[in-house]
1. In segment 84-109, what count of residues is obtained for those that are surrounded by 10 or more Cβ atoms within 10 Å (Cβ to Cβ) and touching a Leu at 6+ places or on another chain (Cβ under 8 Å)?
2. Being among the β-branched types (Val, Ile, Thr), surrounded by 14 or more Cβ atoms within 10 Å (Cβ to Cβ) and at pLDDT 95 or above, is that true of even one residue in segment 172-190?
3. Go through segment 369-385 and give me each residue that's over 10 Å from Phe208 (Cα atoms) and loosely packed, with under 14 Cβ neighbours inside 10 Å.
4. Take the residues of segment 191-226 that are charged (D, E, K, R) and in contact with a helix residue (DSSP H, G or I) (Cβ under 7 Å, 6 or more places away or on another chain): which is surrounded by the most Cβ atoms within 10 Å (Cβ to Cβ)?
5. For the list (1) in contact (Cβ under 8 Å) with a residue 40 or more places away in the chain; (2) out of contact with any strand residue (DSSP E or B) (no Cβ under 9 Å at 6 or more places or on another chain); (3) outside any helix (DSSP H, G or I); (4) farther than 19 Å from Leu369 by Cα, I need the number of the one condition that Asn225 fails.
6. Give me the pairs: first residue in segment 91-113 and touching a residue at least 24 places away in the same chain (Cβ under 8 Å), second residue not β-branched (Val, Ile, Thr), beta-carbon distance under 8 Å, and six or more apart or on different chains, which are they?
7. Considering only residues that are among the aromatic types (Phe, Trp, Tyr) and under 30 Å from Tyr233 (Cα atoms), look in segment 316-373 and name the one that is modelled with the lowest pLDDT.
8. Looking at segment 155-173, I want the residues that are under 15 Å from Ile122 (Cα atoms) and have a partner that is among the hydroxyl-bearing types (Ser, Thr, Tyr) and assigned to a loop (DSSP other than H, G, I, E, B) with Cβ atoms under 8 Å, at least 6 apart or on another chain. Which pairs are those?
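The values are calculated or read from the model by the stated rules, or taken from the named source; none is laboratory data. The structure displayed is predicted, hence computed values, not measured ones. Ideal geometry is used to build each Cβ from the backbone, glycine not excepted, and the neighbour counts take in all protein chains shown.
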Amino acid sequence: MSEVPVCVRCVSRRRTGMKNLITRRIEYYSVQKNELKGTVQGYFDRAFVEVAQTDYETPLANSELGYKAKLAPKNGTFVQFRVIGELPLDTQDASDSPKTYADDAEPDAAMTLSDEVFQASIEEIAGYVSLRARLIEQDPVDILPTVKKRFIKWARRMIHTLANDRMVVPMSAAVTNLSNTYVQAPLPFRTLYAGGKAAFASMGADDFISLADVLRAVSLLRNANVPQIKDRYACVIDSAGIQQLAIGDSRFGDKLEAFKDAKGRVLSAGDTIDYAGVLFKVQSDPYRCNLPGAGGALRTRKNAGKVRVCHVFGENAWGYLDLGEKGSRQRQLLAPNFKVQDITVTGNRITCALRFPVQAMVMQRDYGLNLAYVSAFDEVPGDLPDEDA
């Protein structure tokens, strides 16, 4: 069988043509991939600056219940919390009876208005999601807004859990005063225990919360002349605690029914009711820990623990880093950092990473209290017997 003559020049042209074709395809996919990354990057960069402030609102942070801290002037790495005290009573020298003056007499000295400033270093929450590039190309109208919603919800939950964590666990972030001298951060709120228990170590599975526990906390704050928030103290509590209170107090239960009749739905996270001079605000993702009998400790958070913690406080008891209103300079300075990149060899996945500046701290320890309790309404669907197991 005779060999077919091979044209070296033809082979060379075919190889060159194939090489050029591959090069063009690589360049095409590279451009497509870069354009896709740029589109996703631009979308998220714009999206978070344009989000309304209410979308970041939680039962604690970005609400009307805490002090709105700002970035320290000329220092974008610290958040400034300002604590302004109350004016002291003017009393007599030998007793604490009020001191009065004749019309020709004047006080010996000016009253001192205490003004203490804490500057806490900014911390960040960070995370990323992995997206299939082809999925974004096929349905960007649905995928990108959905991812945006998930990011906002995630950021909101993280901000909220940071705030209620600060009320129980001492913060570790660096804190300075106005002279930029490092100082100890204010300690978290003290804690009461449901059922009149004296300490966390004595808590058991049946130490359910009652209205008497909440009113005891309120009474302690009132005795200390802690300023109120619009004429009442706030109690931020989860739905399991709300249901337990309703079991123990029928009139409180009537309040819940009245809310349901007026709104057409049950009380849920972010909702409020006024009862017994207390503003009850419902939170999800409460601070939780394990019972002492299960090896738990109050300051060791366990989000599936049996012990729950609500927070009772007055005005300026704690504060949070205010994200600013939509379009404001504060919002622009605190805009989250996004990074969109390809993480795979073949370019089939794109990650979108988020770093979000946050901070929260207790400002005046004696202006609030924690209340640790157990609820009979803490089961979730996964706790039920599984017939298909």
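1. Final tally of qualifying residues: 2.
2. Checked against the condition, which is being among the β-branched types (Val, Ile, Thr), surrounded by 14 or more Cβ atoms within 10 Å (Cβ to Cβ) and at pLDDT 95 or above, segment 172-190 yields no hits at all.
3. Answer for segment 369-385, where residues must be over 10 Å from Phe208 (Cα atoms) and loosely packed, with under 14 Cβ neighbours inside 10 Å: Glu379, Val380, Pro381, Gly382, Asp383, Leu384, Pro385.
4. Asp213
5. If we test Asn225 against (1) in contact (Cβ under 8 Å) with a residue 40 or more places away in the chain; (2) out of contact with any strand residue (DSSP E or B) (no Cβ under 9 Å at 6 or more places or on another chain); (3) outside any helix (DSSP H, G or I); (4) farther than 19 Å from Leu369 by Cα, just (4) comes out false.
6. Within 8 Å, the pairs are Met111/Leu87; Met111/Pro88; Met111/Asp90; Thr112/Pro88; Leu113/Gly85; Leu113/Leu87.
7. In this case the residue turns out to be Tyr320.
8. Filtered contacts from segment 155-173: Ile159/Thr58; Ala163/Thr58.
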